[in-house]
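Read-outs: derived from the displayed coordinates by stated rules, not from any lab. The structure displayed is predicted, hence computed values, not measured ones. For neighbour counting, all protein chains shown are included, and Cβ atoms are generated from backbone atoms with ideal geometry for every residue, glycine included.
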Amino acid sequence: MLPELQQGMQKMKYALNHPWKFQSPNLAMSIGLVQITIVAIVSIISFYIIIFESIIIEIVKDFLVI
């Protein structure tokens, strides 16, 4: 998930540093923000799935799937 997070941050930084290349720099920056938000939500959901599992085999399976 870290490369996805870094890519979202790079998109935001690019949009903020080069506003003349976009018709709407705020919209371009928000695309990076949406990517960061999705990465955070997926990470939190995956964490809760692993934490609240009661069978060890299921925990290992869920951990390996992520």
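Of note:
- Looking across region 31-66, the residues that are within 30 Å of Pro19 (Cα to Cα) and either among the β-branched types (Val, Ile, Thr) or touching a Gly at 6+ places or on another chain (Cβ under 8 Å) (or both) come down to Ile31, Gly32, Leu33, Val34, Gln35, Ile36, Thr37, Ile38, Val39, Ile41, Val42.
- Within region 1-47, tally of residues that are charged (D, E, K, R) and in contact with a Lys or Arg (Cβ under 6 Å, 6 or more places away or on another chain): 0
- Qualifying residue in region 47-58 (condition: surrounded by 12 or more Cβ atoms within 10 Å (Cβ to Cβ), of a type in the set (Asp, Glu) and part of a helix (DSSP H, G or I)): yes
- Restricting region 1-14 to residues that are assigned to a helix (DSSP H, G or I) and hydrophobic (A, V, I, L, M, F, W, C), the residue that is farthest from Phe47 (Cα to Cα): Met12
- Looking only at region 15-25, residues that are assigned to a helix (DSSP H, G or I), loosely packed, with under 15 Cβ neighbours inside 10 Å and not aliphatic (A, V, I, L, M) come to 4 in all.
- Some residue of region 9-29 being free of Cβ contacts under 8 Å to residues at least 40 places away in the same chain and under 12 Å from the mean Cα position of the chain (by Cα): yes
- Taking region 30-48 as the range and being among the small types (Gly, Ala, Ser) and in contact (Cβ under 8 Å) with a residue 40 or more places away in the chain as the test, only Ser43 passes.
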